[in-house]
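Each remark here refers to the structure printed beneath this line.
Only the coordinates and a few stated rules stand behind these numbers; no lab work does. The structure displayed is predicted, hence computed values, not measured ones. Cβ placement follows ideal geometry from the backbone for every residue including glycine, while neighbour counts extend to all protein chains displayed.
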Amino acid sequence: MWPGLVGKEEGTDHPPISLDRMIELTKNAEVDGQKYDGIDLFLFHPHTDPEASIDDIRRMADKIAENGFKIGSLVAPVWPGTVGGCAFGSQDDRDNFVHAVALSAKIGQVLKEHGARDYGIIRIDSAGGPEDFAKDEVANTKLLAETFQRAGAVAAEHGERLAAEGEICWGGMHSWKHMLNTLEETGMPSTVGFQADLAHTYLYLLGYNAPEAALLKEGYSEEEFWAAYKTMTDALRPWTIDFHVAQNDGSVHGTGDHDKTGRHCQADDPNGKLDITRCAEMWLKDYDQRGIEHICWDGCMFDNAVLEAPKTWDAILDAMIKVRNAVG
């Protein structure tokens, strides 16, 4: 559901799209008789009040269930301006980050006890930029890992796992090598893992925001691409506990307060750089051994007109079905 919120601003041409409308768009999609099974939630206004009462959370869950959906993964409001703060920032920032995860874990527990959620993770990132992180990479990696450890311990108390989504806009996660360093420094593979998004991880290969970690150069061959992709997925797949089907045209994009990051183009975009199914197979190898029970799609930064178009939802559903069939 977060494509209806991330990068959206009231008073602009792209205001937030309500949870009800996002559910409606999800419900209306269909490909060869197959429909979506569920939704993932962003736990922040206007979709969800992270401080909501148990009764309010149950009512939201009932509304989602009435539309035929389960709830999967949750996005914790870890960023400054929501509930959280930078995970390698001040003590207050780091405490707020952990508090945001705690609120999300409690909501996740309520949803499970209510019968609306059987699987899924809580999505996080570092909530700080690469430029701030670069001021002292060694010290900031340690701070980031310590915050993830604290948040992971809180999540585990509620039977939850945390998945850090690798994006080039988040310090300590802005290259595949930084992401791996952060996960290894955190050292909690059963609790804190990786969320792989096809659009974002493609830019890892190109070295945006971290040229020293690039695995491909402009004008790369198909053979070079798959060799680089194998290097990246072999390194991060053991940590991968959640997965986003997506497409990328090789560009970056930013909207509102969201820094420039990997552009999610439509699944059937002729300019897309990825063989979605083949790339997904590389990430999802042995998925069951890592507790992955569902896949999701992410359309962050899509214009509202794109999100309102039924063909957008049908195209990504078709791509997801192909991934599911290929992976088994």
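Restricting to the chain, what percent of DSSP beta bridges are antiparallel, rounded to 5?
Taking every DSSP beta bridge with both residues in the chain, the antiparallel ones total about 20 percent.
How big is the chain on each of its three principal axes, counting only the C-alpha atoms and giving the largest first in Å?
Taking the Cα atoms of the chain, the three principal extents are 49, 48, 44 Å.
Scan the chain and note any complete DSSP helix (H) whose C-alpha atoms cover at least 24 Å along its axis and whose Kyte-Doolittle average is 0.5 or more.
None pass (Cα extent of 24 Å or more, hydropathy at least 0.5).
Go through region 1-50 and name the GluC sites (Glu not before Pro) that are in a DSSP coil and have 15 or fewer other Cβ atoms within 10 Å of their Cβ. Please list the in-between numbers first.
On the way: sites: 9, 10, 24, 30; in loops: 9, 10, 30.
For GluC sites (Glu not before Pro) across region 1-50 that sit outside H, G, I, E and B with at most 15 neighbouring Cβ atoms in 10 Å, the list reads 9, 10, 30.
Given the -39500 (n - 2.57) contribution per DSSP H run of 4+ residues, what per-residue ellipticity at 222 nm results for the chain, rounded to the nearest 500 deg cm²/dmol?
-13000 deg cm²/dmol
Which loop trypsin sites (Lys or Arg not before Pro) in region 162-237, with loop taken from DSSP, have no more than 15 other Cβ atoms within 10 angstrom of their Cβ?
217
Over the chain, what relative contact order in percent results from Cα pairs under 8 Å that are six or more residues apart? Could the numbers behind the result be given before it?
On the way: 640 pairs, mean separation 53.9, N = 328.
RCO, the chain: 16 percent.
Starting from one equal scatterer on each C-alpha and no solvent at all, send me the Debye-based log10 I(q)/I(0) for region 150-211 at q = 0.12, 0.25 Å⁻¹, two decimals.
Listed by q, the Debye log ratios stand at -0.30, -0.98.
Ranked highest first by average number of other Cβ atoms within 10 Å, how do 49-58, 157-166 line up?
Working: 49-58: 14.4, 157-166: 21.4.
Top to bottom by mean Cβ count within 10 Å: 157-166, 49-58.
Between residue 66 and residue 10, take the C-beta separation as r, use R0 = 30 Å, and let me know the FRET efficiency to the nearest 0.05.
The computed FRET efficiency comes out at 0.60.
Measure off 7 Å from each Cα along the Cα-to-Cβ vector at residue 286 and residue 156, then give the distance between these two points in nanometres to one decimal.
2.2 nm
Could you name the lysines in cross-link range of residue 273, using Cα to Cα under 27 Å and dropping any fewer than eight places away on the same chain?
8, 35, 177, 217, 230, 260, 285, 311, 322
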